[in-house]
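Colleague: Questions regarding the structure given below will be posed in turn.
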Amino acid sequence: MPELTGVGVSPGTGSGPVRRFVEVSLPSPAQAVPHGDPHLERARALAALEAVAVDLEMRARHATRPEARDMLNAQSMMVRDPGLIGGVSGRAMEGATAAVAIGRSFQIYRDMLAVTGGYLAARVADLDDLRDRAVARLYRLPMPGIPVSDEPFVLVARDLAPADTALLDPAQVLAIVTEQGGPTSHTAILARSLGIPAVVGCPGAASIAEGTIALVDGASGVVRLDPSSSDVERVRRAAASRATAAGAVTGKGMTSDGHPVPLFANIGGPGELAAALAHGAEGVGLYRTELLFLDRAKAPSQEEQRDVYREVLEAFPAGRVVVRVLDAGGDKPLTFLPAPGAEPNPGLGERGLRLLRRYPEILTAQLAALASAARGLPVKLQVMAPMVTDVADAEYFVKACRKAGIANAGIMIEVPAAALRARDLASAVDFFSIGTNDLTQYACAADREVGALARLLDPWQPAILDLVGIAGHAAHEAGMACGVCGEAAADPALACVLAGLGATSLSMNAPALPLVRAALAAHTMDECRHAAKTARAAASAAEARAAAREHLHGLRDMGL
Ligand code: PEP
Ligand code: MG
């Protein structure tokens, strides 16, 4: 049975016939016959861009999920970007055909994004998609997109752009496999939020023939082609068991013997509150505030920040909200906060708290906005700093919080040095929250955006479990809370292991909450601890996974 391996980014298994994404082969811009009238070429190019923007707005209006709506609206704004429009106009007036003017203008943005690396480089696929849509429009070709099918299918594509994934119907799409894309690509984010099993960065995927039966494991990243009927039946039963398990347990997160492990949602803004509440989040474990700062010429005012934060805080009157201060730099550069000079390795540069220490006024304003947002509300507000490395960083942040009147100040443990010296840090702060995404990237020296490094980016690696264990133990000794808010917490088996390693709460994308809740409820804390111990003793991620499962018998009944 042929097998392909990529990066599993959305757990669960799905099996069915492959339908390939409709790719339109566009004529090369050089083939375009110029009209010889620059005004006409300019008008054609601008009309094509506007038609794409209108189409995206229309899709946004029909999108039912807020994250899809936001993404599509952001895309339509990109097509209407004055810089882009100006570039296209200028090139057409200089004699380029409409297609060439569009192609070259997008190319400039594309090159800029590609060199930034990280989060923004992952947006290159979005730009390519917008360009292709505009050129398809110009030639009156069908828009590239999701195939239409009478039966559910496994969607296979070279890469997927937000405009495509946003309208995916989870009842139609059994699983997604893409040849390109990394763990933080839009495909990965949306697949997770829709609960569709997905594998990205899968070499060879783009050449899977239409109609081939594929069995996709969105946890391990393995895609089996032409599986046996018994394997398909096993997958079908597992999917049914997962659905039953996810609906069976409600209420607060806890192990079967009653150890509470509060379950929180990761959000990027008020738009994600509805999903968090619908999936029974007990609060917010990671509010990534940087989304409010992206695409701005200057920082949002203190008042604007306060109003947005208050909306989030009001959603959990009896719960807890952990807000992370601006995590800019690295993969999330902000135009108004330039790092000094070019950084050859932005991921290792002035990002997170390091950048806030350079621009203290941004931190002061954000903390003041948070303090005033929380005033008079019953919610427990906790504020934490990203990219803390040592005690000096921690003390700097806690001092700033206290000055703003914020009583509960913590740090993310996502730099290996911080995990290793967690005992020193514990005496300086009020809580820890472990960011397994960055912790894995830094511990393994593997850029988290690079699909080809998937093997090294697996949080099941015993080295990562060791770091989590060290931080968890230090927090326990200090009598302090230590949550986990990286993507690792969304894996039901790993969630049990993290609890066994000392995580006192888990925070994840909201759709992952029900299965994690069910997995915890199916095991005692002792079973979680044994699973953690044997996983740490393993020599590889695969062995750690297998060893942990020996102690987590409940997973099989849940179809996991
Ligand atoms: C992490 O690094 O694990 C984390 C939760 O933060 P982010 O993914 O936003 O860097
Ligand atoms: Mg991080």
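Colleague: Return the residue satisfying two criteria in turn: it lies in the stretch 2-54 and is outside any loop (DSSP other than H, G, I, E, B) and modelled with pLDDT under 80, and of such residues it is farthest from Val450 (Cα to Cα).
Modeller: Ranking the qualifying residues of the stretch 2-54, first place goes to Gln31.
Colleague: Let me ask something else. Looking at the stretch 373-408 only, could you name the residues that are over 19 Å from Ala328 (Cβ atoms), of a type in the set (D, E, K, R) and under 27 Å from the mean Cα position of the chain (by Cα)?
Modeller: Lys380, Asp390, listed by residue number.
Colleague: Next question. What pairs can you find where one residue is in the stretch 461-473 and under 18 Å from Ala446 (Cα atoms), the other is buried (at least 24 other Cβ atoms within 10 Å of the Cβ) and modelled with pLDDT under 95, and their Cβ atoms are less than 6 Å apart, with a gap of 6+ or different chains?
Modeller: What qualifies is Ile464/Thr440.
Colleague: Check whether at least one residue in the stretch 465-480 is within 16 Å of ligand 1 (Cβ to nearest atom) and over 23 Å from the mean Cα position of the chain (by Cα), and report yes or no.
Modeller: yes
Colleague: Only residues that are modelled with pLDDT of 85 or more, of a type in the set (Gly, Ala, Ser) and more than 9 Å from ligand 2 (Cβ to nearest atom): list them for the stretch 435-461, please.
Modeller: Ala443, Ala445, Ala446
Colleague: Let me ask something else. Being within 24 Å of the chain's Cα centre (by Cα), modelled with pLDDT under 95 and in a helix (DSSP H, G or I), is that true of even one residue in the stretch 327-337?
Modeller: Taking every residue of the stretch 327-337 in turn, none turns out to be within 24 Å of the chain's Cα centre (by Cα), modelled with pLDDT under 95 and in a helix (DSSP H, G or I).
Colleague: Find all pairs meeting these conditions: Cβ atoms under 6 angstrom apart; at least six residues apart or on different chains; first residue within the stretch 484-495 and free of Cβ contacts under 8 Å to residues at least 12 places away in the same chain and closer than 12 Å to Pro11 by Cα; second residue more than 8 Å from ligand 1 (Cβ to nearest atom) and among the small types (Gly, Ala, Ser).
Modeller: Short answer, once both residue conditions are applied: none.
Colleague: Go over the candidates Ala489, Ala547 one by one and state the one that is open to solvent by 10 Å² or more (accessible area, probe 1.4 Å) and either of a type in the set (S, T, N, Q) or assigned to a helix (DSSP H, G or I) (or both).
Modeller: Testing whether each residue is open to solvent by 10 Å² or more (accessible area, probe 1.4 Å) and either of a type in the set (S, T, N, Q) or assigned to a helix (DSSP H, G or I) (or both) leaves just Ala547.
Colleague: Moving on to the next point. Just for the stretch 422-448: of the residues that are more than 9 Å from ligand 1 (Cβ to nearest atom) and charged (D, E, K, R), which one is nearest to Val7 (Cα to Cα)?
Modeller: Asp447
Colleague: Moving to a separate point now. Select, from Gly329, Gly352, Gly341, the only residue that is more than 23 Å from Asp430 (Cβ to Cβ) and within 16 Å of ligand 1 (Cβ to nearest atom).
Modeller: One residue alone meets the criteria, Gly329.
Colleague: Now a separate question. For a quick check of your reading of the model, give me the residue pairs whose first member lies in the stretch 260-282 and is open to solvent by less than 10 Å² (accessible area, probe 1.4 Å), whose second is in a helix (DSSP H, G or I) and among the basic types (Lys, Arg), with beta-carbon atoms closer than 6 Å and at least 6 apart or on different chains.
Modeller: Leu263/Arg517
Colleague: Restricting to the stretch 417-443, name every residue that is surrounded by fewer than 19 Cβ atoms within 10 Å (Cβ to Cβ) and touching a Leu at 6+ places or on another chain (Cβ under 8 Å).
Modeller: Leu420 - this is the single residue of the stretch 417-443 that is surrounded by fewer than 19 Cβ atoms within 10 Å (Cβ to Cβ) and touching a Leu at 6+ places or on another chain (Cβ under 8 Å).
Colleague: What's the number of the only condition in (1) among the acidic types (Asp, Glu); (2) within 16 Å of ligand 2 (Cβ to nearest atom); (3) in contact (Cβ under 8 Å) with a residue 24 or more places away in the chain that Glu350 fails to meet?
Modeller: The one condition Glu350 does not meet is (3).
Colleague: Looking at Ala419 and the list (1) without any contact (Cβ under 8 Å) to a residue 60 or more places away in the chain; (2) more than 16 Å from ligand 1 (Cβ to nearest atom); (3) more than 13 Å from Val323 (Cα to Cα), which single condition is not satisfied?
Modeller: Only one criterion in (1) without any contact (Cβ under 8 Å) to a residue 60 or more places away in the chain; (2) more than 16 Å from ligand 1 (Cβ to nearest atom); (3) more than 13 Å from Val323 (Cα to Cα) is unmet by Ala419, namely (2).
Colleague: Among the numbered criteria (1) at pLDDT 90 or above; (2) more than 25 Å from Ala188 (Cα to Cα); (3) assigned to a helix (DSSP H, G or I), which single criterion is violated by Leu277?
Modeller: If we test Leu277 against (1) at pLDDT 90 or above; (2) more than 25 Å from Ala188 (Cα to Cα); (3) assigned to a helix (DSSP H, G or I), just (2) comes out false.
Colleague: For the stretch 292-306, does any single residue satisfy the condition of being within 16 Å of ligand 1 (Cβ to nearest atom), open to solvent by less than 70 Å² (accessible area, probe 1.4 Å) and touching a helix residue (DSSP H, G or I) at 6+ places or on another chain (Cβ under 8 Å)?
Modeller: There is at least one residue in the stretch 292-306 that is within 16 Å of ligand 1 (Cβ to nearest atom), open to solvent by less than 70 Å² (accessible area, probe 1.4 Å) and touching a helix residue (DSSP H, G or I) at 6+ places or on another chain (Cβ under 8 Å).
The values are calculated or read from the model by the stated rules, or taken from the named source; none is laboratory data. Please read all numbers here as calculations on a predicted model, not as lab measurements. We place every Cβ from the backbone using ideal geometry, glycine too, and count neighbours over all the protein chains shown. Ligands, DNA and RNA are excluded from the accessible area calculation, which covers all protein heavy atoms including side chains. Shrake-Rupley method; radii C 1.70, N 1.55, O 1.52, S 1.80 Å.
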